[in-house]
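Nothing in this text is a laboratory measurement; each read-out follows from the coordinates by a stated rule. Since we're looking at a predicted model, the values are computed, not measured. Because the Cβ atoms are built from the backbone with ideal geometry, glycine has one as well, and the counts that use them run over all protein chains shown.
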Amino acid sequence: MSRSVTPSRALPLGWRGILSMETPASERSPSVSQAGRQGRTRIEIIYSDPDLVIINKPAGLVDPAADLIKNFPEIARIGGKDRGACHRLDVGTSGLMVFARNEETYRKMREAFSKNRVKKEYQAQVIGEISRPGKIDFPIGPDPKSPKRVKVYRNLKEARRNKAQEAVTNYELPPLKVRGGLGGRYEGPGGRGEPMTWLRIIIKTGRRHQIRAHLASIGHPIVGDTLYKGPPADRLYLHASRLEFCHPWVGTLLKFSSEFMLSPF
């Protein structure tokens, strides 16, 4: 599976073909401060090698690269304005992100994301009861009424007319142990004790606001997602929890996971 590599890209002794990095919330070891921001929130560095940096992005962080540059100055010149970021997370979304430390790796990882060779999983808490797995495959495109939103198109003719793109979102009820409990009832601002459901989400595409818009389109907006008519909360309850891909140079399968710790509204 692996090709020959230079010593700078050699993986540690004892490498068995899969690197599985579990990061329970109770064992996090923050590494990079968010300078100039309120509080003591930090970026957690999950993994790094000469080509890649994997981080656990806090919710609300607009530009993680600005903080990473202090520890990894080389990313400042990688990928132009992307500054090493191989994909995007919405500002309100927390979780795993991949950064490249050189231009060749950036190009390879961008291609891997664009061609759906990276497996991505998310966790989300939504309003309403969901009792069985499901799939949402309506196309997503621009919302003519708001540049801040995207629109889910159920009418295929309208989708073609507005240049909507294919989008596939699968969801299920995971056997996850999430601090704060699963499901429950919404008791936030203006809440009336509506039921909530905790979901494991797997996406095969990566459209802008895909998960948020798709879940809202079936009547289950994410808690904290007021843009898509979700109830207000302390944050957007969407977390990028798992990434799986082959190392762009070594070929070894890498697996990373990050637990989302719930907080009270």
inquiry  = With just the Cα atoms defining each centre, how far is the stretch 144-174 from the stretch 103-130? Give it in Å.
reply    = 17
message = Given points 7 Å out from each Cα along the Cα-Cβ axis, report the LYS145 to THR205 separation in nanometres with one decimal.
response = 2.2
note = Listed by chain and number, the lysines with an alpha carbon less than 30 angstrom from that of LYS81, same-chain partners under 8 positions apart left out, are LYS57, LYS70, LYS108, LYS115, LYS119, LYS120, LYS145, LYS148, LYS151, LYS163, LYS204, LYS255
ask   = In what sequence, highest mean first, do 93-100, 130-137, 163-170, 105-112 appear when ranked by Cβ atoms within 10 angstrom?
value = 93-100, 105-112, 163-170, 130-137
